[in-house]
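Written below as structure tokens is the structure these notes are about.
The values are calculated or read from the model by the stated rules, or taken from the named source; none is laboratory data. Just so it is clear, the model here is predicted, and its values are computed rather than measured. Neighbour counts are summed over all protein chains in view; Cβ atoms, including those assigned to glycine, are modelled from backbone coordinates with ideal geometry.
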Amino acid sequence: MFKTKRVDGGTVAEENIFSSTDVSRLSNVSLRQLQWWDEQKVVSPRHEGHRRIYALQEVVEVSVIAELRKKGFSLQKIRRVLRFLQREMAKRLEEMLDPESDLHLLTDGKTIHMEQDRERIVDILKSAKQAMFVVGVSDQVRRLTLTPKKPVKSESTVGAAVAAPRKARAF
């Protein structure tokens with residue numbers, strides 16, 4: 001099949017790195033679903049031990065896949081869309097990160113478009129022979145970058161929680 005591009009070393013800023021838990025919460029996809037997509041090479045994050053570490057591009061891919069699955073797309077059609085999305089994201093990632101961008105993915109499962117011009121989007125929708133689905137890619141990126149991640153528990157925090165006495169229950 002195909003794999004997403006992996007990020008080596010510490011070249012990606014910490015705010016663009018997501019844990020499986022973050023991705024699950026942000027994209028409303030179960031941890032098991034993320035694991036299965038990794039096993040099936042749909043979206044393959046970097047691995048650090050048993051942890052999956054997702055770059056921003058991979059989180060956007062998961063988010064778009066989740067939207068298309070909700071709309072009833074088969075995994076086969078999603079793979080086609082994902083290949084297109086990966087090529088476009090390689091070209092347009094900086095554009096997607098721009099707060100002013102307004103990129104939309106339009107697809108019926110066979111034809112796929114990535115458009116920013118609203119008039120062009122309307123033309124595509126008007127000329128479509130069957131229902132087209134629209135995913136606001138820029139909206140997904142903004143949601144992912146603006147939503148705060150849960151802080152990772154450090155050993156000192158965990159140790160303090162264990163050492164703290166528990167309150168007795170009143171019966």
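Computed quantities for the displayed model
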quantity	calculated
LEU75 among the aliphatic types (A, V, I, L, M) and surrounded by fewer than 18 Cβ atoms within 10 Å (Cβ to Cβ)	yes
Any hit, the stretch 97-109, residues being modelled with pLDDT under 85 and more than 23 Å from ILE17 (Cβ to Cβ)	yes
Contacts under 8 angstrom Cβ, first residue in the stretch 95-115 being under 22 Å from GLN130 (Cβ atoms), partner buried (at least 16 other Cβ atoms within 10 Å of the Cβ) and polar (S, T, N, Q), 6 or more apart	HIS104/SER138; HIS113/THR107
From the options ARG87, ARG92, residue that is of a type in the set (Lys, Arg), modelled with pLDDT of 75 or more and in a helix (DSSP H, G or I)	ARG87
Hey, ARG69 modelled with pLDDT of 80 or more and farther than 18 Å from ALA55 by Cα or not	yes
